[in-house]
């Protein structure tokens, strides 16, 4: 696993991934893409020992939020997000390892991974993310160069 993406691959909270998806997608399709990527059953919350996924909609440029519980430790989060982005044909945003709250890893629909910044506003429905921009500067001197994972 790469240290390039820190939190995205370092798994500081075992089995928990929090993603924002760049278009409105229904929960069944998100769960199906995750299940296909992980080759495991994915169920709504309360589904027992399977990987569980809570999908909900908010505003912003990444309006579908997916909280994935009991994610397998042997799968790198950024690799899984890359494969899900390809399956959904939608960008997937996930946390990185920096202390910069605006910096994320973006898995693009072609599977490319890169560091980006977005602005986040907390709302009653959940966090809304807007204003995607390239990561530049000293804290962004690492450029992901991983191929798509499908």
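Going by neighbour counts of Cβ atoms within 10 Å, the residues 124, 54 line up, fewest first, as 124, 54.
Once both labels are positioned 7 Å from their Cα atoms along Cα-to-Cβ, the gap between residue 28 and residue 97 label points is 4.0 nm. At q = 0.18, 0.22 Å⁻¹, what log₁₀ I(q)/I(0) does a Debye calculation on the Cα points of the range 72-132 give, no solvent, two decimals? Debye curve over Cα of the range 72-132, log10 I(q)/I(0) at q = 0.18, 0.22 Å⁻¹: -0.67, -0.92. For the peptides 70-76, 59-65, 40-46, 20-26, the ranking by mean Cβ contacts within 10 Å, running from highest to lowest, is 59-65, 20-26, 70-76, 40-46. A Förster radius of 41 Å combined with the Cβ-Cβ distance from residue 45 to residue 133 puts the calculated FRET efficiency at roughly 0.80. With bins 5 Å wide beginning at 0, the percent of Cα pairs of the range 7-140 falling in each bin runs 2, 11, 22, 25, 22, 13, 4, 1, 0.
Read-outs: derived from the displayed coordinates by stated rules, not from any lab. Keep in mind it's a predicted model, so treat the numbers as computed, not measured. When we count neighbours, we look across all protein chains shown, and the Cβ atoms used for this are built from the backbone with ideal geometry, even at glycine.
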